[in-house]
Amino acid sequence: MEAALANLSQLVEMQKRRSISHGPRFPLQKPVPPGGICKLPMPPMDAVVNLLKHAKAAPPTLFTIMCSLVGLSDFSSLCRMVYFATEDFSDATFVIVNAMLYNLFMEQHSLATEPVARDEYHSYMQMCRANLETSLANTPLFLSSKVENVQALLLGALYAVDVSRPSVAWHLSCMAAQLCQTAGYHRSETLKQDPPATAKLKRILFWHVYTLDKGLGLRLGRAPVIHECDIDIPRVFEFDGFGHFESSTIPTLWVKISHLQSRIYEQLYSPAALASTQAELVERAQALAKDCRRLEVESEECREQVYNYLRAVNSSDVVDLFLRGDEVQFQVTLTLVYRVIPAPEGSVSRFCDECLDVARKAMKVHQQCTQSTNLGSYFRSIYVHWNLLLTPFAPFFVLFCYIIETSSLDDLKLLQEFVTSLDEARDSSETIEKLYRLCQVMCDVAALYVEAKSQQQEDQTMVPIGDEFEMYLSQLGFMPSEDQAMAQAQDNSGGPPAVNGQVAQIADWFSGNRNMMGLLEEDLSQIESYRWGMQHPNNM
């Protein structure tokens, strides 16, 4: 019990320290050698050539998906420019090549069964990571709006998400967004001046930057850089490389969901939104929920067609999982909307039934995704990076708060199953190891809190153990403070925003949710759940 309270106290202190903003951090950065970035050591050419030949003949993989997402039609040519440098090449080209080789070697490292091969691929992967971080750390403040610069910044942002540095990802995606807007990638009149292939490439890059801008903005609690009123190109993500898939509306659905995420932040969770009355917030949330439900129906119909196609052509399971992760993200988005709608008066919880239902559905869809695949820890890690870490994973924290309110054992089991699913992939990623550690801490806190409350009810003479838990949970934003509870009791929806207890609770909860995910950028090694001696599903 003391260890649990100590860990909660430490989380509170870590959140306070995070109020001092961190600049971009590149721990693998190396000194720039004489002659510039291009003189950094590269993996052996033979290893690269062999893997590129294999990638061309294999079914779609993460590597080929990444090539399509950033508009790389001929990656081999870029490799030749770097490995056979008969003339100078740009730093952006060096970033692109190392970012893509990082993905290529990481994939092979995870799939390799022989220890010697695994170690070899790991060393090449780390070399590419060091090159990539060194290049990104030395990126000039002012860049031209060439396509290769946007591609380099986009790949850098994706890498930063992959290694759990969303603040770095935001920095790079903002730079990419500014270049896109400066060059008119989002304007039809400007793109008319380009050849069709170039215009298409610019649209692909713009919509990919757009989706990152909106998702990271919601994750970090910041207004997006790209404004809807500035865009007049068709909202179609022209994704190449998968036959029927490229002409389907799934990539376009990514754009629609990203737009929805932007509206959720602007209308429900931004400082301006939280200055509104509860009645105004609820009205907006109900309208957004209707839009979400309509988009959900559209998504389900579209996905079923694509799943059938992928089965017919015997496509890689990674593509299937890549798409199914969208379902999890959608339920996460819905959870954030319904969180704003209060429970009916007299309810045991502050969460409405719809919020709890979609939070549970997100957990269950996540379990289906992780249980229905035999792709191994690497593909599990890719799924987690792209679907649990790019936006705030609100369902976990909704159910955590509900357990604290009601001692729900069924929902505690859902949290424990979620932690177990992360345990199976934690060895493949430092990011997932941190997420696992954090969620394990919160899950054990919930279990101990439920146990303490149960014992207190049985023995009325006990010192109220839960009080200290509640103090820390309130400071983390997961329980209303006494002032908020009093304000809520006095609030009649028409009261002034300053004393609107429900709105203050929403603000604190969203901030707590966001800050807990932000701790993934910190050192969590001092938080050790195993010291508590708790039993979990994976060791029962």
Any hit, segment 390-407, residues being part of a helix (DSSP H, G or I) and acidic (D, E): yes
Segment 253-285, residues that are assigned to a helix (DSSP H, G or I), over 16 Å from T391 (Cβ atoms) and among the small types (G, A, S): A273, A275, A279, A285
Pick from segment 351-384, criterion surrounded by fewer than 21 Cβ atoms within 10 Å (Cβ to Cβ) and outside any helix (DSSP H, G or I), ranking: modelled with the highest pLDDT: C352
Boolean, L153 is closer than 24 Å to T198 by Cα, out of contact with any Cys (no Cβ under 8 Å at 6 or more places or on another chain), of a type outside the set (G, A, S) and part of a loop (DSSP other than H, G, I, E, B): no
Test: residue in segment 288-305 that is crowded, with 19+ Cβ neighbours inside 10 Å, modelled with pLDDT of 90 or more and out of contact with any Gly (no Cβ under 9 Å at 6 or more places or on another chain): yes
Test set (1) modelled with pLDDT of 95 or more; (2) over 24 Å from K146 (Cβ atoms); (3) over 19 Å from the mean Cα position of the chain (by Cα) - E266 fails condition number: (3)
Condition check for V297: under 30 Å from S381 (Cα atoms) and free of Cβ contacts under 8 Å to residues at least 60 places away in the same chain: yes
Segment 393-407 residues that are over 11 Å from F351 (Cα atoms), paired with ones that are charged (D, E, K, R) and not in a helix (DSSP H, G or I) (beta carbon under 9 Å, 6 or more apart): A394/R339
All positions within segment 93-127 that are in contact with a Pro (Cβ under 7 Å, 6 or more places away or on another chain) and surrounded by fewer than 24 Cβ atoms within 10 Å (Cβ to Cβ): Y124, M127
All positions within segment 191-223 that are β-branched (V, I, T) and either at pLDDT 95 or above or touching a strand residue (DSSP E or B) at 6+ places or on another chain (Cβ under 8 Å) (or both): V209
Segment 128-155: number of residues that are under 15 Å from P27 (Cα atoms) and either surrounded by fewer than 21 Cβ atoms within 10 Å (Cβ to Cβ) or touching an Asp or Glu at 6+ places or on another chain (Cβ under 9 Å) (or both): 4
Condition broken by Q305, with the remaining ones in (1) over 20 Å from the mean Cα position of the chain (by Cα); (2) farther than 30 Å from L111 by Cβ; (3) assigned to a helix (DSSP H, G or I) satisfied: (2)
Tally of residues being crowded, with 19+ Cβ neighbours inside 10 Å, modelled with pLDDT under 75 and in a loop (DSSP other than H, G, I, E, B) across segment 59-76: 2
Filtered residue count, segment 317-354, keeping only those that are over 23 Å from the mean Cα position of the chain (by Cα) and closer than 22 Å to L390 by Cα: 0
Of residues in segment 184-213 being in contact with a Phe, Trp or Tyr (Cβ under 8 Å, 6 or more places away or on another chain) and among the basic types (K, R), the one farthest from N149 (Cα to Cα): R203
Only listed residue being touching an Asp or Glu at 6+ places or on another chain (Cβ under 7 Å) and in a helix (DSSP H, G or I), chosen from A117, A99, A92: A92
Hits in segment 387-444 - residues which are of a type in the set (G, A, S) and buried (at least 20 other Cβ atoms within 10 Å of the Cβ): A394, S421, A425, S428, S429
First in segment 182-203 and without any contact (Cβ under 8 Å) to a residue 40 or more places away in the chain, second anywhere and among the small types (G, A, S) and surrounded by 13 or more Cβ atoms within 10 Å (Cβ to Cβ), Cβ under 6 Å, 6 or more apart: T182/S145; A183/S145; T190/G184
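The values are calculated or read from the model by the stated rules, or taken from the named source; none is laboratory data. Just so we're clear, the structure is a prediction, and the values are computed from it rather than from any experiment. Ideal geometry is used to build each Cβ from the backbone, glycine not excepted, and the neighbour counts take in all protein chains shown.
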